[in-house]
């Protein structure tokens with residue numbers, strides 16, 4: 001499981017760097033085309049919006065997998081005795097699994113299915129919006145994997 005965790009973390013990290021790099025290039029091109037050429041490109045705003053969606057949602061899954069990177073309020077947990085801290089952390093991970101399953105995988109999967117079935121496409125790039133929204137259930141699966149990994153890691 002540790003090899004899978006390491007592989008997924010490194011892969012997601014590389015994907016996030018690539019998305020961020022493309023976002024920067026896109027925004028620089030948008031500004032340059034508007035002020036230097038005098039005519040804005042039609043696809044740059046939409047591409048920036050979609051890449052920011054992917055960056056935020058996939059980044060949330062990535063940060064969830066990191067041990068110390070996720071923002072949390074642990075004031076009440078640190079006041080508990082060590083045995084209760086471990087149990088409370090497991091409950092938190094279980095609630096995160098439940099959230100990712102219901103909201104991200106089931107809800108996000110329904111959103112992807114409906115937008116693909118209706119044939120909704122983006123106005124400028126003409127790509128199916130289901131492809132843009134597909135990152136939500138994928139990130140939900142990653143969050144569940146990282147939560148299970150953290151629960152099993154704390155048992156050792």
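We did not get these values from a lab; they are worked out from the coordinates using the rules stated. Please read these numbers as outputs of a predicted model, since none were measured by experiment. Every residue, glycine among them, receives a Cβ derived from its backbone with ideal geometry; neighbour counts consider all protein chains shown.
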Taking only Cα atoms, what is the 0 to 90° angle, nearest 10, from helix 2-32's long axis to the longest principal axis of the chain?
-> 30 degrees
At what distance in angstrom do the alpha carbon centres of the stretch 131-156 and the stretch 1-61 lie from each other?
-> 21 Å
How many percent of Cα pairs in the chain exceed 24 Å?
-> 47 percent
Whole-percent pair-distance distribution, where bins are 5 Å wide, for the alpha carbons of the stretch 90-156 = 4, 19, 21, 16, 13, 10, 8, 5, 3, 1, 0
Normalised contact order of the chain, rounded percent, pairs of Cα under 8 Å and 6 or more residues apart | 26 percent
How long is the gain from residue 22 to residue 34 if the chain were fully straight, where each residue apart is worth 0.36 nm and the alpha carbon distance is subtracted?
-> 2.5 nm
Helix 82-99: angle to the longest alpha-carbon principal axis of the chain, degrees 0 to 90, nearest 10?
-> 40 degrees
Taking springs between alpha-carbon atoms closer than 10 angstrom, which of 98, 55, 76 fluctuates most in the Gaussian network model of the chain?
-> 76
Could you work out which residue, out of 118, 52, 101, moves most in a Gaussian network model of the chain, that is, has the largest mean-square fluctuation with Cα springs under 10 Å?
-> 118
Relative contact order [Cα under 8 Å, 6+ residues apart], the stretch 19-100, whole percent | 21 percent
Efficiency by 1/(1 + (r/R0)^6): what FRET value for residue 101 and residue 125, r their Cβ-Cβ distance, R0 = 25 Å, to the nearest 0.05?
-> 0.25
FRET efficiency for residue 10 and residue 42 from the Cβ-Cβ distance with R0 = 30 Å, rounded to 0.05, comes out at 0.25
Return one number: the angle in degrees, 0 to 90 and rounded to the nearest 10, between the long axis of the Cα atoms of helix 44-65 and the longest principal axis of the Cα atoms of the chain.
-> 10 degrees
With springs connecting C-alpha atoms under 10 Å apart, model the chain as a Gaussian network and identify which of 18, 61, 48 has the largest mean-square fluctuation.
-> 18
